[in-house]
Amino acid sequence: MSGVTLVRRIAARPTIVFDLMTTAEGVASWWGPQDLPVVRAEVDARVGGAYRVHFRTLDGGEHEACGEFLEVVPPRRIVMSYRYTLGGEPGEEGRTSRIEVDLTPIADGTEVTLKHVDLRSEVSERSHTWGWSGALDKLVRHAATVDAEGRKT
Amino acid sequence: MVNYRPRDLDRVFATLSDPTRRAILARLAKAESLSISVLAEPFAITLPAVMKHLDVLGDAGLVTRSKQGRTVAVRLSPAPLRRATEWLRRYERFWSSALDRLAAQAEHKEAEARDAESGEARR
């Protein structure tokens, strides 16, 4: 049930952002953790359709992420499953997580909310009470000060 | 480099999936250490139920218990929480960087679209 949320304001209309997220050409232009060209992207953006993105990282790593589109509501919402068939984050091998993207029109463009959820979750454990990562952050910050004091003594 | 042992991470995240256990950790984060009875006070569950949650938290390495005279002091153990957050950070960095490029591409296309529209308007 763990996950991350990112919110980004983009000075472009929702249809443009939506196209970049639902076409192979679009996805190939931005996907990946570093500024390296995507090796190959295949995107069939309809409910039940599949996508596959092969990208590289600066450490020479080869990664391929893939999944299915679970919701496609142009130009507002995209939900897809996510898993690595090659490379990926350590500890997430062979697991399926989920990406939820909401595009909200704002005065000068689009607010993008991207949630990557169900990281490390078991298939049986489907929780709707996502959203504790902020609380977790606070805990960790607090715990870090406690820990530092502990080490001093 | 932090070593992410999948089983330890699973255990921490599974432990955190329960709201009572998160509330217990939040209380411990504010205090140096608490006795089990003080810790249990605000929760509308029985003391044995609180003890069970503490067992789960202890197994995941999130709390430690030590006997102090006739009471048991419970403390937060921060290292597993920190590892869990660091692991999530990797995903945050991944998407943050990807969204930077998505924004740059979209804004470039927006400028092109506006140029085309104003060209049509002039015709």
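FYI, it's all coordinate maths here, none of it is from the lab. The model shown is predicted, which means the values in this text are computed figures rather than measured ones. We place every Cβ from the backbone using ideal geometry, glycine too, and count neighbours over all the protein chains shown.
Residues B:I36, B:I45, arranged from fewest to most other Cβ atoms within 10 angstrom of their Cβ, appear as B:I45, B:I36. Alpha-carbon geometry of the range B:27-103: the Rg and the Dmax are 17.8, 60 Å, given in that order.
Less than 15 Å from a label point 7 Å out along the Cα-to-Cβ axis of A:D102: which backbone N atoms in the range A:1-43 qualify, by residue? Output list for this probe position: A:4-9.
Think of each Lys and Arg Cβ as +1 and each Asp and Glu Cβ as -1; about the Cα centre, that makes the dipole of chain B roughly 700 debye.
Across chain B, the mean sequence separation of Cα contacts (distance under 8 Å, 6 or more residues apart), normalised by length, yields a relative contact order of 25 percent. What the Cα atoms of the range A:45-120 give is an Rg and a Dmax of 14.0, 41 Å. When each of A:M21, B:M51 is scored by the number of other beta-carbon atoms lying within 10 Å, the sequence from fewest to most is B:M51, A:M21.
Could you work out the relative contact order of the range A:1-119, using alpha carbon pairs under 8 angstrom and six or more residues apart, expressed as a whole percent? Each step should come with its number before you reach the end.
Details: 290 pairs, mean separation 33.2, N = 119.
Here the relative contact order equals 28 percent.
Put in line by how crowded their Cβ is, counting other Cβ atoms within 10 Å and starting with the fewest, A:F18, A:F69 read A:F69, A:F18.
Remark: mean inter-chain Cβ contacts per residue of A:99-106 equal 0, using a 10 Å Cβ-Cβ cutoff to other protein chain atoms.
Site pair B:A79 and B:E117 shows an inter-label distance of 5.7 nm when each label is modelled 7 Å from Cα along Cα→Cβ. Considering only B:A31, B:A113, B:A103, the mean-square fluctuation computed in a Gaussian network model of chain B, springs between alpha carbons under 10 angstrom, is largest for B:A113. Pairs of Cα atoms in the range B:1-52 fall into 10 Å distance bins, from 0 up to the last occupied one, in shares of 21, 44, 27, 8, 0 percent.
Legend: calculated FRET efficiency, B:D100 to B:L47, from the Cβ-Cβ distance at R0 = 51 Å, rounded to 0.05, equals 0.50.
Please give the helix B:19-30 orientation as an angle from the longest Cα principal axis of chain B, in degrees from 0 to 90, rounded to the nearest 10. With both axes taken from Cα atoms, the answer is about 80 degrees.
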